[in-house]
Structure formats: structure tokens, C-alpha cells
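The values are calculated or read from the model by the stated rules, or taken from the named source; none is laboratory data. Being a predicted model, the structure only gives us computed values, none of them experimental. Here the Cβ positions follow ideal geometry from the backbone for every residue, glycine too, while neighbour counts run over all protein chains shown. Only protein heavy atoms, including side chains, enter the accessible area calculation; ligands, DNA and RNA are left aside. Shrake-Rupley method; radii C 1.70, N 1.55, O 1.52, S 1.80 Å.
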Amino acid sequence: MKISTFFYTLRQGIINVFRNKWFTLASLATISACLFIFGLAYSLLVNFQHMIKTAEEGVSITVFYDEGLPQEEIDLIGAQIGARTEVSRVVFVSADEAWAEFSAELGEAAEGITENPLVNSANHEIYLSDVSAQTQLVKYIEQIEGVRKVNQSEFTANLFTGVNSLVTYVSIGMIAILLSVSVFLISNTVTIGISVRKEEITVMKYIGATDFFVRAPFVFEGIIIGLIGSALPLVLLYYIYEVALKFLADKFAFLSNLLVTLPVWDVFTVLIPVSLAIGVGIGFFGSFFTVRKHLKV
Amino acid sequence: MAKDTKKKRKVKANSNVEKYAICLENINKSYEDGVPALTDVNLKITPGEFVFIAGETGSGKSTLIKLLLREIKADSGNINVCGYDLMRIKRRNVPKFRRNLGVVFQNFRLLKERNVYDNVAFAQRIIQKSEREIRKNVPSILSAVGLAGKYKAKPKQLSGGEQQRVALARALVNKPSILLADEPTGNLDPKNTTEIMHLLEKINENGTTVVVVTHNREIVNLMQRRVITLRKGVIVSDEEKGGYIDED
């Protein structure tokens with residue numbers, strides 16, 4: 001293929017975008033609407049997952065040690081636990097710190113107690129990166145020599161594991177349905193748009209145009225529409241996301257521990273390339289396969 | 001030795017066929033419902049001839065055109081156009097084959113959104129001519145068909161006769177060896193019909209084989225050229241300087 005032919009077909013693709021205004025608008029609207037819903041669903045889901053993850057990270061196991069166990073051994077056990085992959089953080093709480101915290105909770109009731117009643121309560125708080133591994137980790141810790149007791153909240157761990165799995169499955173399901181609907185709607189729009197130009201394709205073929213020559217302008221047109229159609233909802237979503245973050249921060253500040261949202265760019269560094277790839281992909285494959293039907297002349 | 005003889009025979013057979021611009025041998029073609037469209041058609045047209053293929057609606061003319069363009073394939077027989085064996089040609093070679101043909105249709109089939117110049121230049125772009133050559137060839141062919149001054153006009157701004165001239169210019173700009181005209185005067189008034197037929201004669205005088213498919217009695221009788229008459233998919237007459245044969 002000559003370079004001039006490449007640029008000619010590219011130019012024809014660009015001209016087609018403006019020449020077939022209604023087709024372009026219909027395709028743009030369809031792609032934009034589908035990718036807007038996709039982007040919105042994605043933003044909500046990743047934020048929801050992030051909130052669950054943050055809450056999960058607050059779930060800890062408390063490890064108590066045998067009476068009189070030297071501090072060095074306690075430190076060693078703490079380091080041993082901290083080295084495991086499912087553990088995100090290990091915090092040592094000395095007997096004095098434990099009493100200070102507890103006496104603060106007791107308030108006036110703690111007044112007059114001079115000796116630390118929690119003298120054997122030095123412990124490690126273990127925070128998990130994956131709460132579903134809690135039961136397994138507890139079993140492991142209980143086997144370690146020197147460990148007296150392990151406190152855990154099985155109910156909380158199971159609840160988070162369940163919600164997390166549910167959110168993951170719902171996310172995958174929703175995104176799959178949205179993408180299928182998008183592909184269906186967009187291929188329908190492209191089919192209608194190209195059917196109108198069936199005559200043009202037939203004439204090209206009669207004159208001796210190769211399949212490439214006929215197809216290339218349509219494919220370029222599809223890619224351009226796909227690119228614009230995916231960029232528009234991204235811009236819109238970006239502003240909506242920023243406004244939503246500001247609104248949550250202003251109006252729901254009291255829920256800031258629960259509504260832990262992701263910063264804009266944490267969401268959009270994934271959403272931008274994925275949306276553009278979907279838009280361009282749909283534009284490319286939609287026009288490629290739809291034109292193919294009309295090439296048998 | 002035997003293999004060599006076989007090879008020579010094949011080449012000889014091919015060269016025999018290739019001396020014709022169009023050669024159909026025992027061609028049979030049925031519609032999808034099994035009704036015969038063409039039955040045992042034998043037809044030979046030599047380079048430089050001017051031939052009418054005449055017949056009423058449903059006589060098989062359109063099927064014949066589609067076969068010659070390799071839009072469809074015959075059920076049986078041999079068909080050779082411009083040296084291409086259309087029974088064995090690969091799909092990817094069909095565009096290259098079609099560049100040897102110029103085609104003109106009854107409804108002109110111009111690209112509505114493009115002006116006269118672009119409609120003609122389009123045919124040159126398909127065969128990857130440079131812009132320089134296109135700028136030289138297109139005005140020249142538009143001038144030959146009498147449309148030099150209308151290169152900027154869109155098809156809808158032209159009369160039927162002018163649109164057919166654009167179609168002719170598009171068909172001829174790549175210098176095809178055969179011009180296939182499918183009812184070229186079907187949508188034209190008598191004055192434009194005569195003008196288009198004169199243009200076709202002129203094209204033929206320049207060496208292009210011209211095949212005109214028509215059921216226009218007047219032009220067939222007026223031109224006094226070779227006339228092949230089809231009736232219900234069968235060639236019923238093939239006459240030099242013939243006339244239009246009515247069904248009854």
C-alpha cells in the first residue's frame with residue numbers, strides 16, 4: 001500500500017465523520033451513553049471496594065503471651081507474624097499502654113487503682129491485608145510457643161469477606177452486562193449507518209476497489225467516533241466525580257471514617273485507558289465486521 | 001514427456017480463449033430458487049467489437065452482466081474475460097480483474113456526496129495513481145465527455161444525460177479494455193440517448209470493446225451493430241448488423 005493511499009483513506013474517514021452527521025451523532029451518543037454508565041458503575045464499585053478494604057484493615061487480631069515471657073521472645077514472635085504475607089501491620093501494646101488505654105475508658109472508676117491490673121496483658125495487635133485469611137492465621141499463631149491467647153472477631157471477618165466477594169461478583173456481572181449492551185447497541189448503530197452507504201460500497205467494488213480500500217475509511221471513521229465517544233463521558237465523569245467528592249466532604253463529614261473515597265486520579269488512571277480502549281475497540285471492530293457483510297460484491 | 005504435452009495443450013487452450021475479449025462456453029446459471037437464468041450460453045466477443053445484448057425483462061441480461069463482472073459465479077461452463085478465468089479466479093484477484101472493465105449503469109451509480117471531479121478521480125485513486133497523474137487525467141476525460149466546465153458540480157445538480165457522462169468518464173479514466181454498459185440510456189430522454197450512443201461509438205473507435213445491454217429497440221435498430229438476443233436465458237440470435245427482435 002502506498003503512503004498516499006493510507007492518507008487518502010484516512011482523510012476519507014475524517015470526511016465521512018462530518019459528512020454523515022446523523023450517523024456520527026447517533027454513534028457518538030450511543031458510545032458516550034454506554035461508556036458513561038460504565039465509568040459511573042466502575043467509579044462507584046472501586047470506591048465501594050476501597051471503603052470495604054479500609055474497614056477490613058481496621059479489623060485486628062490480638063495476641064497475648066504467657067506470663068513472664070521475656071520481651072525479646074515477644075518481639076521475635078511479633079516479627080515472625082509480621083513477616084507473613086496476609087499481615088499488613090503489627091503493633092505492640094505494652095502492659096502499661098494497655099492499662100493507660102483501658103483506664104481512660106473507665107474514667108472515674110479507675111481512680112485509686114495504683115497498680116497495673118493488666119500486668120500480663122502485653123500484646124500484639126495484628127492487622128490483615130486480606131481479612132479472609134484470618135481463621136488460618138489465628139490457627140498458625142495459636143501453635144506458636146509462648147502464645148497464651150488469641151482474640152479475634154470471627155463475625156466481622158466473615159461479614160467483610162462475604163461483602164467483598166459479593167461486591168466483586170456484582171462488579172464483574174454489571175460490567176459484563178454493560179459491555180455486552182454497549183457492543184450490541186453500537187454494532188446496531190454502525191450496521192444502520194453502513195447499510196445506508198451500501199450503494200457506495202457496491203460502486204467501489206465494481207470499479208475494482210480492494211476490500212482494504214473500501215473498508216479503511218469506515219474503520220478510520222469508527223476509530224475516530226470511538227475515540228471521541230469515549231473521551232466525552234470521561235471529561236463529564238471527571239467533573240462529576242470531583243463535585244461528588246466535594247459534596248461528600250462538605251455534607252457528610254461526620255461519616256468520614258466510613259466514606260473513605262478514592263482520589264480522582266486513583267480512579268481515572270485506570271478508567272481513562274480502559275474507556276479509550278473500549279471506545280476505539282468497539283469503533284474498530286464494529287465497522288470492520290459490519291463492512292465485511294457488504295464486501296461480497 | 002506426457003506431462004509436457006499436457007502442459008502445452010493447456011497453454012494452447014488458454015491462448016485460444018485469450019484471443020477473445022469475452023468468451024463464454026456452455027454457461028449455465030440458475031437463480032437461488034433453482035429457476036434457470038442462463039442455459040447453455042456460448043458467446044465470443046473479439047477485442048474492439050461493439051455488441052448489443054438485447055432482450056426483454058427476465059431474459060437473463062442482468063445475470064449475464066453479473067457473471068461478466070464476477071459478481072456471481074456460473075454453475076457450470078467456462079468464462080474468460082480479459083484473459084481472466086472467472087471460474088477459477090481467487091477472490092483477492094477480483095478487484096484487479098475488474099480494473100480491466102469500465103462499467104456504466106442505468107441509474108448512473110455516482111457517489112452523491114462527491115462532486116464530478118471526485119467521482120472520476122475516485123476510480124484513479126483505487127488503482128493508486130499519483131495525485132499528479134489524477135490532476136492530468138481527470139480533466140482530460142471530463143473534457144472528452146463534454147463536462148470540462150462542470151467538475152465542481154454535485155450529481156444532483158446535473159441532468160440525467162450529464163450524470164451518465166460522468167459515469168462514462170469514471171468508467172473510462174482507467175483506460176479499460178472493455179466497457180460494459182447496462183441499460184445506459186434507460187433513464188434518458190431521446191436527445192441524451194443519442195448523445196450517449198455517439199459517445200459510446202467514439203469510445204469504441206478508440207479501440208475499447210463496448211458491450212451494451214439494452215431492451216431499447218430504437219437504439220439497437222439505429223446503430224446497426226452486432227446484436228445478440230437473449231430470451232428466457234437462451235441466446236436465440238446472434239447477428240452482425242442486426243436489429244431488435246421482438247418476443248412475438
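Observations on the model:
- Taking the centroid of alpha carbons for each part, region B:202-248 and region A:195-236 are 41 Å apart.
- Built amide H within the under 5 Å cut-off of B:Arg231, gap 5+: B:Val236
- For B:Ala37, distant residues with modelled amide H under 5 Å away: B:Lys29, B:Ser30, B:Tyr31
- Choice from A:Ala231, A:Ala100, A:Ala216 showing the highest fluctuation, given a GNM over chain A with Cα pairs closer than 10 Å: A:Ala100
- The alpha carbons of the protein assembly as shown give a radius of gyration and a Dmax of 39.7, 133 Å, in that order.
- Normalised contact order of region A:95-225, rounded percent, pairs of Cα under 8 Å and 6 or more residues apart: 14
- Farthest toward positive dipole pole in the protein assembly as shown [+1 Lys/Arg, -1 Asp/Glu at C-beta], among B:Asn42, A:Thr156, B:Ile141: B:Asn42
- Accessible surface of chain A, 1.4 Å probe, proportion on carbon and sulfur as whole %: 66
- Restricting the GluC sites (Glu not before Pro) of region A:1-108 to loop positions (DSSP other than H, G, I, E, B) with no more than 11 neighbouring Cβ atoms within 10 Å leaves A:Glu67.
- This model, with +1 at the C-beta of Lys and Arg and -1 at the C-beta of Asp and Glu, gives region A:32-111 a dipole about its Cα centre of some 900 debye.
- Å² of accessible area per residue within chain A, as computed with a 1.4 Å probe and no ligands counted: 54
- Simple Cβ-charge dipole of the protein assembly as shown, Lys/Arg +1 and Asp/Glu -1, about Cα centre, in debye nearest 20: 6220
- With the charge dipole of region A:1-154 set up from +1 on Lys and Arg Cβ and -1 on Asp and Glu Cβ about the Cα centre, the Cα lying farthest toward the positive end among the listed residues A:Gln49, A:Leu76, A:Phe64 is that of A:Gln49.
- Computed [θ] at 222 nm, deg cm²/dmol, the protein assembly as shown (DSSP H ≥ 4; -39,500 (n - 2.57); rounded to nearest 500): -19000 deg cm²/dmol
- Ranking A:Ile3, B:Val81, A:Leu118 by Cα position along the charge dipole of the protein assembly as shown, where only Lys, Arg, Asp and Glu carry charges on their C-beta atoms, puts B:Val81 farthest toward the positive end.
- Helix B:160-172 and the longest principal axis of the C-alpha atoms of chain B enclose an angle of approximately 60°.
- Area hidden from solvent between A and B (accessible, protein heavy atoms only, 1.4 Å, total, Å²): 2100
- Count Lys and Arg as plus one, Asp and Glu as minus one, and take only other residues whose Cβ is under 10 Å from that of B:Val227; the net charge is then 0.
- Pairs beyond 29 Å (Cα-Cα), from A:Lys2/B:Lys156; A:Lys205/B:Lys29; A:Lys296/B:Lys136: A:Lys2/B:Lys156; A:Lys296/B:Lys136
- Heavy-atom accessible surface of region B:71-142: percent carbon and sulfur, 1.4 Å: 43
- Region B:183-231 - charge dipole about Cα centre, Lys and Arg +1 at Cβ, Asp and Glu -1, debye rounded to 20: 220
- Highest GNM mean-square fluctuation among A:Asn164, A:Asn16, A:Asn116, for chain A modelled with Cα contacts below 10 Å: A:Asn116.
- In Å, descending, principal axis extents of the Cα set of region B:106-197: 38, 29, 20
- At least 18 Å along the helix axis (C-alpha) and Kyte average at least 1.6, DSSP helices within chain A: none
- Helix B:116-126 and the longest principal axis of the Cα set of chain B meet at an angle near 40°.
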